[in-house]
Amino acid sequence: MVIVMQYKVYHAKQPTFGFGKQPAFSECEHVATVETDELGKTFVLTNHIEDAWQKNPEVIWAKQEARSTSVGDIVEDGNGKRFRCESIGWSEITRK
């Protein structure tokens, strides 16, 4: 049985794309909620690959005009855990 979870995607308002200081959660804005069974799929589903990611059926966009998810952006899972997009994979962010 595949368990689908909702992941909230937050893009940095002033992205650094992995260069310089990473933005805090408060410096990000909610751009979409993605329904999928895996955190890693949120990256693919919120990137302009073959078409605008807002057209993906798994995506409920909160902001129609949004760039692709990139290094430094944050995803929050249905349990409230937050993860930062890294150049390879994700790192969990501890809440303060």
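Considering only residues that are in contact (Cβ under 8 Å) with a residue 40 or more places away in the chain and in contact with a strand residue (DSSP E or B) (Cβ under 8 Å, 6 or more places away or on another chain), look in region 13-33 and name the one that is nearest to Val59 (Cα to Cα). Spell out how you get there, then give the answer.
So the first thing to find is which residues in region 13-33 are in contact (Cβ under 8 Å) with a residue 40 or more places away in the chain, and the list is 15-18, 22-23, 25, 28.
Add one more test, that the residue is in contact with a strand residue (DSSP E or B) (Cβ under 8 Å, 6 or more places away or on another chain), and what stays is 22-23, 25, 28.
On the way: Gln22: 25, Pro23: 23, Phe25: 21, Cys28: 18 Å.
In this case the residue turns out to be Cys28.
Can you say whether Arg95 is modelled with pLDDT under 90 and among the basic types (Lys, Arg), as far as the supplied structure shows? Quick ask: steps written out before the conclusion?
Details: modelled with pLDDT under 90: yes; among the basic types (Lys, Arg): yes.
Answer is yes for this residue.
Determine whether Thr94 is β-branched (Val, Ile, Thr) and in contact with a Pro (Cβ under 8 Å, 6 or more places away or on another chain). Before the answer, list the steps.
Details: β-branched (Val, Ile, Thr): yes; in contact with a Pro (Cβ under 8 Å, 6 or more places away or on another chain): no.
No.
Could you identify the single residue in Lys8, Lys55 that is among the basic types (Lys, Arg) and either touching a Cys at 6+ places or on another chain (Cβ under 6 Å) or at pLDDT 95 or above (or both)?
Values: Lys55 fails: either touching a Cys at 6+ places or on another chain (Cβ under 6 Å) or at pLDDT 95 or above (or both).
After ruling out the rest, the residue left standing is Lys8.
Restricting to region 70-96, name every residue that is crowded, with 18+ Cβ neighbours inside 10 Å, in contact with a Cys (Cβ under 8 Å, 6 or more places away or on another chain) and of a type in the set (A, V, I, L, M, F, W, C).
Of everything in region 70-96, those that are crowded, with 18+ Cβ neighbours inside 10 Å, in contact with a Cys (Cβ under 8 Å, 6 or more places away or on another chain) and of a type in the set (A, V, I, L, M, F, W, C) turn out to be Ile74, Val75.
Could you check region 37-96 and list, in sequence order, the residues that are part of a strand (DSSP E or B) and without any contact (Cβ under 8 Å) to a residue 24 or more places away in the chain? Step through it out loud before you land on a result.
Kept after step one, since they are part of a strand (DSSP E or B), are these residues of region 37-96: 59-61, 74-76, 82-85, 90-93.
Within region 37-96, Ser91, Glu92 meet the criteria.
Exactly one condition in (1) over 11 Å from the mean Cα position of the chain (by Cα); (2) closer than 20 Å to Arg95 by Cα is false for Gly72; which is it?
Among (1) over 11 Å from the mean Cα position of the chain (by Cα); (2) closer than 20 Å to Arg95 by Cα, the lone unmet condition for Gly72 is (1).
The values are calculated or read from the model by the stated rules, or taken from the named source; none is laboratory data. Source: prediction; values computed, not measured. In this analysis, Cβ positions are derived from the backbone assuming ideal geometry, glycine residues included, and neighbour counts consider all displayed protein chains.
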